[in-house]
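Enquirer: Following this message is one structure expressed as structure tokens.
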Amino acid sequence: NSELFTLTYGALVTQLCKDYENDEDVNKQLDKMGYNIGVRLIEDFLARSNVGRCHDFRETADVISKIAFKMYLGITPSITNWSPGGDEFSLILENNPLVDFVELPDNHSSLIYSNLLCGVLRGALEMVQMAVDVKFVQDTLKGDSVTEIRMKFIRRIEDNLPAGEE
Amino acid sequence: MADEALFLLLHNEMVAGLYRAAEQGEGENGRCTTKLESMGFRVGQGLIERFTKDTARFKDELDIMKFICKDFWTTVFKKQIDNLRTNHQGIYVLQDNKFRLLTQISAGKQYLEHAPKYLAFTCGLIRGGLSNLGIKSIVTAEVSSMPACK
């Protein structure tokens, strides 16, 4: 039931805002928690969806929006704004289930409410050997018409053997 | 429709995150459990409002407890409470033999001392739900062997 998740997430953000005085710390904490969730979520995702390895970033983008988002949040964001090098794109969410029932009060204008999502995406992709940078560029909570997440491919993570082994 | 796995992961991460923060800085263990419980309380209040929008009025306390055991528990944990007992004097024991939030942790007595952390949120959930239905309550949990709990 998505309301359970939405409400729990809301309670979490509220609690974090109480614990940390400034929005930046809350954002960082959300990102860290999201990262921890993401590294585990990817296993669950791969087990359920049975998708094979993605050959390039475009395929990754498709899998994220059409399969992963649909599976976990019930929405299919659209993919736009590809950079000329094919290493950056935007996910546009018409509606963000995390922010159902949510309004940002004025004294938290720099809070990135859904920052957990950035951490999740980052953590999950790191487990499949992709280092990415994820951030929100538009947010309906701040008055924008859609929520936009920008994802940038940084590099492929090579499996590093521990020093001394060959 | 958010997947159950997502909620499970979020919940576990919340427990872990709060305790991590407590270790590093201020606050003793007791405060973490209280925070988790109060988060559950808020969520429980909200959830019960959404669920009971269209249902009929409850006849009495027992009816409310049955609702919690069947519909509420099913919506949240995808299964019903296995056993409900009462002394008809205000004490109710809900037993779940395969509590969803504990199944991934252990199947027996290992890690028993960590179990209460994972139950705090759910206790709050029940307390919040009951509170919005007009019942003031105290909810505690007991685990003797995972994943069953009362």
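Values in this text are rule-based calculations from the coordinates and carry no lab data. Just so it is clear, the model here is predicted, and its values are computed rather than measured. Cβ atoms come from the backbone with ideal geometry, glycine included; neighbour counts cover every protein chain shown.
Enquirer: Tell me, which residue of the range A:55-82 that is assigned to a helix (DSSP H, G or I) and among the aliphatic types (A, V, I, L, M) is farthest from the other protein chains (Cβ to nearest Cβ)?
Expert: Checking each candidate, the answer is A:Ala61.
Enquirer: Has the range A:27-50 got at least one residue that is more than 17 Å from the chain's Cα centre (by Cα) and under 18 Å from A:Arg122 (Cβ atoms)?
Expert: no
Enquirer: Let me ask something additional. Please pick out the residue among A:Leu104, A:Leu111 that is without any contact (Cβ under 8 Å) to a residue 60 or more places away in the chain, part of a loop (DSSP other than H, G, I, E, B) and closer than 19 Å to A:Gln29 by Cα.
Expert: Just one listed residue meets the conditions, A:Leu104.
Enquirer: Restricting attention to the range B:49-82, which residues are in contact (Cβ under 8 Å) with a residue 12 or more places away in the chain, away from chain A (no Cβ under 12 Å) and exposed (fewer than 13 other Cβ atoms within 10 Å of the Cβ)?
Expert: Within the range B:49-82, the subset in contact (Cβ under 8 Å) with a residue 12 or more places away in the chain is B:49, B:51-52, B:55, B:58, B:61-62, B:64-69, B:71-73, B:75-79, B:81-82.
Retained after the next criterion (residues that are away from chain A (no Cβ under 12 Å)): B:52, B:55, B:58, B:61-62, B:64-69, B:79, B:81-82.
If the condition is that a residue be in contact (Cβ under 8 Å) with a residue 12 or more places away in the chain, away from chain A (no Cβ under 12 Å) and exposed (fewer than 13 other Cβ atoms within 10 Å of the Cβ), then B:Thr55 is the only one that fits.
Enquirer: Scan A:Ala61, A:Ala11, A:Ala47 and give me the residue that is buried (at least 19 other Cβ atoms within 10 Å of the Cβ) and free of Cβ contacts under 8 Å to residues at least 60 places away in the same chain.
Expert: Only one candidate passes the filter, namely A:Ala11.
Enquirer: Out of A:Glu103, A:Glu148, A:Glu158, which single residue is over 28 Å from A:Asn22 (Cα atoms) and of a type in the set (Asp, Glu)?
Expert: Only one candidate passes the filter, namely A:Glu158.
Enquirer: So, one more: Condition test on A:Gly38, is it within 19 Å of A:Arg155 (Cα to Cα) and within 11 Å of chain B (Cβ to nearest Cβ)?
Expert: Judged against the criteria, A:Gly38 is a match.
Enquirer: Could I ask something else about it? Assuming A:Gly52 fulfils every condition listed in (1) assigned to a helix (DSSP H, G or I); (2) small (Gly, Ala, Ser); (3) more than 14 Å from chain B (Cβ to nearest Cβ) apart from one, which condition is it?
Expert: (1)
Enquirer: In the range A:123-138, is there at least one residue being within 20 Å of B:Glu4 (Cα to Cα) and surrounded by 13 or more Cβ atoms within 10 Å (Cβ to Cβ)?
Expert: yes
Enquirer: Which condition number in (1) within 23 Å of B:Cys32 (Cβ to Cβ); (2) crowded, with 17+ Cβ neighbours inside 10 Å; (3) hydroxyl-bearing (Ser, Thr, Tyr) is the one that B:Ser131 fails?
Expert: Condition not satisfied by B:Ser131: (2).
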